[in-house]
1. If you project the alpha carbons of chain A onto the principal axes, what extent comes out on each, in Å, largest first?
2. To the nearest 10 degrees, how steeply does helix B:145-156 sit against the main Cα axis of chain B, on a 0 to 90 scale?
3. Grab the alpha carbons of region B:15-116, take their convex hull, and tell me the volume per residue in Å³.
4. Going by amide H atoms built from the backbone, whose H comes under 5 Å of the H on A:Gly200, apart from near neighbours?
5. Given an 8 Å cut-off on Cα distances and at least 6 residues of separation, report the relative contact order of region B:15-223 as a percent.
6. Rounded to the nearest 10 degrees, what's the angle between the helix A:15-31 long axis and the longest principal axis of chain A, both from Cα atoms, 0 to 90?
7. Mean-square fluctuation check for chain A, GNM, Cα pairs under 10 Å: which of A:Ala240, A:Ala174, A:Ala120 is largest?
8. Determine which lysines satisfy two conditions relative to B:Lys235: a Cα distance under 17 Å, and not lying fewer than 8 residues away in the same chain.
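Where a number appears in this text, it was derived from the coordinates with a stated rule and is not lab data. It should be emphasised that the depicted structure is a prediction, and the values quoted were computed from it without experimental measurement. Backbone-built Cβ (ideal geometry, glycine too); neighbour counts: all protein chains shown.
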There are 2 protein chains.
Amino acid sequence: MHVNALETPVVVVDLDRMEANIERLQRYLDAHHIANRPHIKTHKVSEIARKQVAAGAVGITCQKVSEAEVMADAGIEDLFIPYNILGEAKLRRLMQLAARVPVQVTADSAYAIKGYAGAAQQAELTLPVLVEFDTGMHRCGVPSPAEAAALARLIARSAGLAFNGLMTFPHNAASDAFVREVRGLLAAEDISIPHVSYGGTPGMWKAHTRTEVTEYRAGTYVYGDRSILKSGALKLEQIALHVITTVVSRPTVERAILDGGSKTFSSDLGGLEGHGMILEYPEARFYGMSEEHGHVDVGACPRRPEIGERVTVIPNHVCPVSNLFDQVVGARNGKVEVVWPVAARGTVQ
Amino acid sequence: MHVNALETPVVVVDLDRMEANIERLQRYLDAHHIANRPHIKTHKVSEIARKQVAAGAVGITCQKVSEAEVMADAGIEDLFIPYNILGEAKLRRLMQLAARVPVQVTADSAYAIKGYAGAAQQAELTLPVLVEFDTGMHRCGVPSPAEAAALARLIARSAGLAFNGLMTFPHNAASDAFVREVRGLLAAEDISIPHVSYGGTPGMWKAHTRTEVTEYRAGTYVYGDRSILKSGALKLEQIALHVITTVVSRPTVERAILDGGSKTFSSDLGGLEGHGMILEYPEARFYGMSEEHGHVDVGACPRRPEIGERVTVIPNHVCPVSNLFDQVVGARNGKVEVVWPVAARGTVQ
């Protein structure tokens, strides 16, 4: 079946492009001796995670215990969760997972570390923990090397835990300086930093310019989107995910309404103007959305789309789009090859 | 089980409040002899749709054929889809649905009407069609009474179709004037306007001030959200849906990070500042989101939340939140009574 026969709105993955994206980053990181641990939150598809591992990834990154459970069920055997996992119920699930496959987790507080230690001791397992630090995102992560060193010490002396290194997102020159300072602080105590994990698709081709990174987490690189285009990390002909929509209304000369809105594209702007790039109508301005309507100004288009016409959209931010669909269609040269369930979506807790 | 024992992030519906919301609007519309046809896109839960019908709704509104299919499977027997349904595959599904239960649809173009007529004739059914008109939203809908009258005529003379009236969203004084003008234009041809359907939760208590409305569609009223609070249509103690989250990080004195971000709350701002109202910390400013992190400034709070603490959030816009979760928990006085699948989510096409 050709993708043009699929009902809209539909998410179509160009398999050739996606496989090339997976290979390209793997080759680059291999060349620079940086381990690749792609973040599957972008696609949440077991089969794509398997392709990433088959291409050479050391394992994968999952944002939630529930995502990691799905990926373990799919046979992925080395999982990193860069998140503070708190609370009895989640810690119990984490340890059940850790009993099946190697799992590393993250902490930026003594509270999180104490939770991990208690759960690991009860499960009679050793849980590797990285310390999250912050050199720019201002989200999670300790802001000072002294605090990072203190948490590293706490992990190192906690029964049931192993200090496994440092992680941050995104990375910059200050990240390297931060790691070096923590290393200095820990040297006297003979605590080494086994791994340093940086992440982010926009900065992926700069990973080799960082002196401290040992492992890299990129998510969006597998598909790409409009914000990644803007960052320059991928080119238009490398974008592997498109949303095909249909023009359902043309109430005025300038206005076209698509059958995809915020329940298709999400409302993530990603710092961009408009909600997506329409390939067939580069002059069109995707200026607004309702839940099931895309509002497009086609006034500047030399030819304007007609009712019933299909148009192809590159979303601003692709990760929440995958998360809205229960399945994605994989195609080559426009021909449907596979339909994958987005197995790890809806795994909210 | 108490809701405080549920893993977070979790969507909890206060059943007493929800049932009161359903009853209140039903009583109001009954008192004003306006038929109630609630929009289920807000909740997408079969059991809630059944409660709405049991309370007195004449039927329900669904935004997509796929939503309507789920609701028909759940035993709801009178469905309205206020959307242009185009394309062979969707029209085939629409007619299969119309063969099972009464379904009304919408058109704002001759293109859509021709599609309906062809499908209805092939299926040997009569499909009721309303004409969508626009007096303010600037989304779908014909902008002039003359165009509305022309489409009404086209429907009336199309084999397989029945002209069933006019619909718009939202409503205002111009909507009534528009309807009257269309009625005048159609009078000479003996075409009457059987139904006039208006919609919207913010304007629901003004429905009785409109002279032309015969049927009302509200969706968000069942749960409420921060944007509905701002509109004044519901009060804080009537909001029936909350998202319980956990504070997973406190990297600085001012910053708290919640385990819910854009994949929990969506990025819909709804014209508001910030991403939600935190009940326990009214001074907190929910200023940013990543996919799985909520970024909150607690600097102005007299007492600040600790890591591991649970906080209760009213989202800006509740409809996309339901659409992100596979299930919602129904509770009374904090005690879990039921877990409902969000059956009509993920029905993208």
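1. For chain A, the Cα spread along each principal axis is 72, 37, 35 Å.
2. 70 degrees
3. Details: hull volume 9.8 nm³, N = 102.
Looking at region B:15-116, the number lands at 96 Å³ per residue.
4. A:Arg217, A:Ala218, A:Gly219
5. Working: 393 pairs, mean separation 42.2, N = 209.
After rounding, I find 20 percent.
6. Taking the Cα atoms of chain A, the angle to A:15-31 is about 30 degrees.
7. Of the options given, A:Ala174 has the highest mean-square fluctuation.
8. B:Lys206
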